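Report on the following structure.
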Amino acid sequence: MITIKTPQEIEKIKQSCMIVAELLKELNTMIMPGIATRELDIFAEAYIVKRNAKPAFKGYRDYPATICASINEVIVHGIPGDRKLKEGDIISIDVGAVKDGYYGDISATFPVGKVEDKYLQLMNVTRESLFKGIEQVKTGNNIGDVSYAIQKHVEKYGYGVIRDFVGHGLGKNLHEEPKIPNYGEPRKGPKILNGMVMAIEPMVSMGAYEIEILSDGWTARTRDKSYAAHFEHTVAVMNNATIILTEI
């Protein structure tokens, strides 16, 4: 069931969104060769707690960390640890927070030092596809219009759209209806209505879209080991306009 949020609820969601958006900006300055992903996670947890919020991911279905740190061929849900970033890596950071009972969620992929142009293009196309999808988040459209816009842009470059993970509604829960695939057909799926809040999050592979889950039960990487990128914004529909709640 899709829950429609009041303007007051959307304002509370925005407060959580601002925390993670500003945190991601801070983490961007820390991402460099030699830093361990665990260091990023420790900083993230302390930052969220200092803002009188709680990490949304830590403990969620027993996930052990505050951020997901997904490097190179890892698409999503990479668990932070002792691995140190090296020159030429790309890393996606996905992070959520909950404050006053409402969630915010964001993700972006970052270069580590000097990165090959082909990986920079992957990141740019994935980011562009996010905004192509957001352009379709308006009253009267369907979720399929969002999905199709993302897929069309991504596949124009010969990349694969990950199918096993989707965007989602959020509010009092981290994952709510509707599910928002990054592939689909226009005019299909639920109608977009005023008061809906959604996390749009394209996940894109340089190769095929098939995935595999590692033995930790979380880490998802491309089966063909091609690099992947992931970008996410939380958006709300208010007064027939779309607001990006995680945009600083």
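The values are calculated or read from the model by the stated rules, or taken from the named source; none is laboratory data. In this text, all values refer to a predicted model and were calculated from it rather than measured experimentally. Note that we place each Cβ from the backbone using ideal geometry, even for glycine, and neighbour counts take in every protein chain shown.
Summed over the range 177-210, residues that are surrounded by fewer than 22 Cβ atoms within 10 Å (Cβ to Cβ), among the charged types (D, E, K, R) and under 27 Å from VAL98 (Cβ atoms) total 2. Does LEU174 qualify as being crowded, with 21+ Cβ neighbours inside 10 Å, touching a Phe, Trp or Tyr at 6+ places or on another chain (Cβ under 7 Å) and within 19 Å of ALA108 (Cα to Cα)? In short, no.
Contact annotation: residue pairs with Cβ atoms under 7 Å, 6 or more positions apart or on different chains, pairing a residue in the range 35-59 that is hydroxyl-bearing (Ser, Thr, Tyr) with a partner that is crowded, with 18+ Cβ neighbours inside 10 Å and in a loop (DSSP other than H, G, I, E, B), are THR37/PRO80. Checking the stated criteria, ILE192 turns out to be over 30 Å from LEU120 (Cβ atoms), in contact (Cβ under 8 Å) with a residue 40 or more places away in the chain and touching a Lys or Arg at 6+ places or on another chain (Cβ under 7 Å).
Residues that are part of a helix (DSSP H, G or I), in contact with a Gly (Cβ under 7 Å, 6 or more places away or on another chain), among the small types (Gly, Ala, Ser) and at pLDDT 95 or above do occur in the range 4-24. Within the range 60-105, if we keep just the residues that are surrounded by 23 or more Cβ atoms within 10 Å (Cβ to Cβ), assigned to a loop (DSSP other than H, G, I, E, B) and without any contact (Cβ under 8 Å) to a residue 60 or more places away in the chain, the residue that is nearest to the chain's Cα centre (by Cα) turns out to be THR66.
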